[in-house]
Amino acid sequence: MFANKKSEMETLLKESEKLYNEFKLDEARELLELVLKEQSDHKEALLLLGKLHSKTQDYGQAMNCFNKVLLAEPGNNEATTGLQLIKNILQLTNNFYFENAYTDDDLYEFEK
């Protein structure tokens, strides 16, 4: 696909970072997917795609990206931090829902 794969993939990665920082997430995702189509274990692309999925609250896909990085590079700080942040968010959501006195039945009016 790419004549000079490495430099073109780096160009796509830089452009995707720029788009990510400009909150053009769909466009950034498309470029990252092009990079990953050529090299499915591209660490920087997986990390940025993981962050992008986190930002759009697609936590399952984000965790998949971070876990792929950790398979190739156990102990990668950025991937470990990304996973921990997601786990914290999911735990907070879970705690709020099950511990908040105003959830469930209190939200609905029932005829008595």
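No value in this document is a laboratory result; all are computed from the given coordinates. Bear in mind that the values here come from a model prediction, so they are computed numbers and not experimental data.
Structure summary
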{"quantity": "Members of K14/K51; K6/K43; K5/K51 lying beyond 19 Å, as alpha-carbon distances in this model show", "calculated": "K5/K51"}
{"quantity": "Vicinal HN-Hα couplings computed from phi for segment 68-84 (Karplus, 6.51 cos²θ - 1.76 cosθ + 1.60; Hz; Gly/Pro x)", "calculated": "5, 5, 5, 5, 7, 9, x, x, 4, 5, 5, 5, 4, 5, x, 5, 5"}
{"quantity": "Value of Rg to Rh for segment 5-98 (Rh from inverse mean 1/r over Cα pairs, i.e. Kirkwood)", "calculated": "1.02"}
